[in-house]
1. I need the full set of residues from region 185-220 which are buried (at least 17 other Cβ atoms within 10 Å of the Cβ), in contact (Cβ under 8 Å) with a residue 60 or more places away in the chain and over 30 Å from Gly321 (Cα atoms), in order please.
2. Among the residues of region 155-199, what is the count of those that are hydroxyl-bearing (Ser, Thr, Tyr) and closer than 21 Å to Gln95 by Cα?
3. Among the residues of region 224-256, which ones are of a type in the set (D, E, K, R) and surrounded by fewer than 19 Cβ atoms within 10 Å (Cβ to Cβ)?
4. For the list (1) touching a strand residue (DSSP E or B) at 6+ places or on another chain (Cβ under 7 Å); (2) over 30 Å from Asn348 (Cα atoms), I need the number of the one condition that Cys190 fails.
5. Of all the residues that make up region 566-587, how many are out of contact with any Ser or Thr (no Cβ under 8 Å at 6 or more places or on another chain) and surrounded by fewer than 18 Cβ atoms within 10 Å (Cβ to Cβ)?
6. Which of the residues that make up region 334-352 are part of a helix (DSSP H, G or I) and either under 34 Å from the mean Cα position of the chain (by Cα) or closer than 14 Å to Gly306 by Cβ (or both)?
7. Scan Glu387, Glu365, Glu401 and give me the residue that is open to solvent by 40 Å² or more (accessible area, probe 1.4 Å), closer than 30 Å to Phe329 by Cβ and under 29 Å from the mean Cα position of the chain (by Cα).
Amino acid sequence: MLIKRDRNDTLAECCAGRENADAYDVDNDINFLRINQGIVLGDNPFFLFEKGFCKKFNPQREIRKIIRTFVAETHRNKTMIRFHDISARDRELIQRYTLNGTGRNCDLSFANLISWRFLYDTQFAIVDDFLVFRFYTGRHLAYMAPIAKPVIQADGTYRLPEDSSCPATVIRQMRDDAIAMGHPFLLIGCSGSMTDCLEEIMPDTFTVRPERDYFDYIYLREKLATLSGKHLQSKRNHCNKFRALYPDYEYRPLTKSLIPECLRLEEKWRQLTKQDADEEEDAELSEELRAMTRAFVNWDYLDSLGGCLFVDGNLVAFTFGCPITHDTFDVCVEKADTRYEGAFSVINQEFARHLPEQYVYVNREEDLGAEGLRKAKLSYKPAILLEKYSIMEKKPLSLFEDVHRIKAETEQLYAATFDDAEAFRNLYFSKVFTDERNIVCQIDNHVVGALQAIPYPLRQGREEVNAAYIYAVAVDRNYRRQHVGSSLMRQAHHTLYYRDTVFAVLIPAEPWLFDWYATMGYTQVVDAIASPEDVVSMSFADFDRWQRQQPCAVLQTAASFATAQEALRVCHETGSPAAPAMLRVINAHKALQSYAALHPDETLDLRVYNDKDIALNNTYFHIAAGQCRQTDRPLPDARSLTISELALFLFHAYHPVMTLMMN
């Protein structure tokens, strides 16, 4: 794309120092315009000759449009990384990086990446030929160390390039992405070499902390298979005792047909373990079962290998894992019936014996700080104790503490995006807006996207739950069509989930937005209705009686009602109009618990799937006797619903209504 005053001035020079096309003064003597599509401006400046056609041409408007496009293109390099949800079909691409790499971190096992996605919401992207993973650890966004792309060799194999250290450009893009998502930059599971690389790129910027509970225990496969040497005598004794007690035991490869038996054994093991577990340990056991179940569901796609022990035809132990690199295998799961003494030791040894010899090392993962587990893993004498570090900026909140700047820039973005009167805008930012409600996307230390999540109660029958009204979703026009808006919504959904919000509602400002919001799980099961005719003078007590007559409603509080009345007076309006609206389920479990309480005689099983923003919603639910129980075990007769279909199911009898929503 090229615009010239004369043949020496490039578009970049014309735009130098300009933030937008409106600031560009179009000279009257422009007589040369060439675009990559072959557009030429002829002698008459008001006609455009393009590919044999002639049409009227407004130089001011057309050139501004072209310059805006150019400005957007120049900003494109500064915007967010486009991440993708990881799925089983991505195995070939992911393993092209990991299998040929040198990192033996168990987090890079493809089976772990897929099976634990429900908890970490893992995504990936390719950034300048580096593989980057992004995920959530609790409420915090985090990243793994980037992995270089191997290059093909003359013999057809792949190897890392000689200089495979992460370039500064990739690290800076990752950091900018974290800030844009509203989080300080955090790297987890990094090696010592990565910490040195970061110090070189950004000196004195990061705090590095070793995470001992997450160090990986890596063993020589041959040692695990033979248990040779004085230090492993006790392990040999355990195995010998098991073989003496059960001389006819049988080892079999774990195939898909054996998965149901493995799940039954896991259930026995879990029942025994849960008796001694506290609440936190019980939650971890449930998460482990959910991850294992997901691995079994995707068994055909994960490149997994496993083994089983049978005694008298009964399954007494099983294990499985997945390659990390071409020479390192990761053991993801190992379970045994503790009534068979030595079963854990024998399944460990037999699996190592049956692994292909290409695997020199076996990674048996971390101990998570459990004292007994640490002692057991150390007793096998690891060849490598793989150190992992978390890396956080020394001043992680510096870009988020400047709330006055963020509010001012949010208000500027609001004014540039919406046509509201200044008086209304001033009222909104003084009475409704709060820093906690404001969710922003920052790029280059500037707010380029913002929305507000305003809390409201939602009443359904006798049940009341937390809801949020998503309002004033705005993206700087120079950053549109660059996934800023979708990333902003994803950030909002994740934030609301951890604020115990059950539903989100919104009123799209334009017809085309209905389709856009639908891609994020919203559906039209809520109605914004007209307010009562005399609402401006109505008391809150009278209004509250009116709104509670609705079977299901987003409720105004006394404070929000007073603000809405003031907004109507400021805008010289007599009431709030009706408008089509949309709703999304934020917390499936709590939404279904409310449904179960309203339908105590109903018994059914549900499976929620395809929630791309809140992976914790994607699981099974059993509803009976007025209660909803979330389960990690597949329910064979469950009705499957997407997150949008779940909203339709919950409100099939009647739609929630709302009014006076600042629309």
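1. Hits for region 185-220 are Phe185, Leu198, Phe206.
2. The number of residues fulfilling the criteria is 5.
3. Lys230, Arg236, Lys241, Arg243, Asp248, Glu250, Arg252, Lys256
4. Status for Cys190: all satisfied but (2).
5. Within region 566-587, residues that are out of contact with any Ser or Thr (no Cβ under 8 Å at 6 or more places or on another chain) and surrounded by fewer than 18 Cβ atoms within 10 Å (Cβ to Cβ) number 11.
6. As a first pass, look at region 334-352 and keep what is part of a helix (DSSP H, G or I): 343-352.
Within region 334-352, Ile347, Asn348, Glu350, Phe351, Ala352 qualify.
7. Working: Glu365 fails: open to solvent by 40 Å² or more (accessible area, probe 1.4 Å); Glu401 fails: closer than 30 Å to Phe329 by Cβ.
Result of the check over Glu387, Glu365, Glu401: Glu387.
Residue by residue, here is whether (1) assigned to a strand (DSSP E or B); (2) in contact (Cβ under 8 Å) with a residue 60 or more places away in the chain; (3) charged (D, E, K, R) holds:
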site	(1), (2), (3)
Arg290	no, yes, yes
Ala295	no, yes, no
Gly307	yes, no, no
Phe310	yes, yes, no
Phe320	yes, yes, no
Ile324	yes, yes, no
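The values are calculated or read from the model by the stated rules, or taken from the named source; none is laboratory data. None of the values given here were measured: they were computed from a predicted structure. Glycine gets a Cβ as well: all are built from the backbone with ideal geometry, and neighbour counts include every protein chain shown. Calculation scope for accessible area: heavy atoms of the full protein, side chains included, ligands and nucleic acids excluded. Shrake-Rupley method; radii C 1.70, N 1.55, O 1.52, S 1.80 Å.
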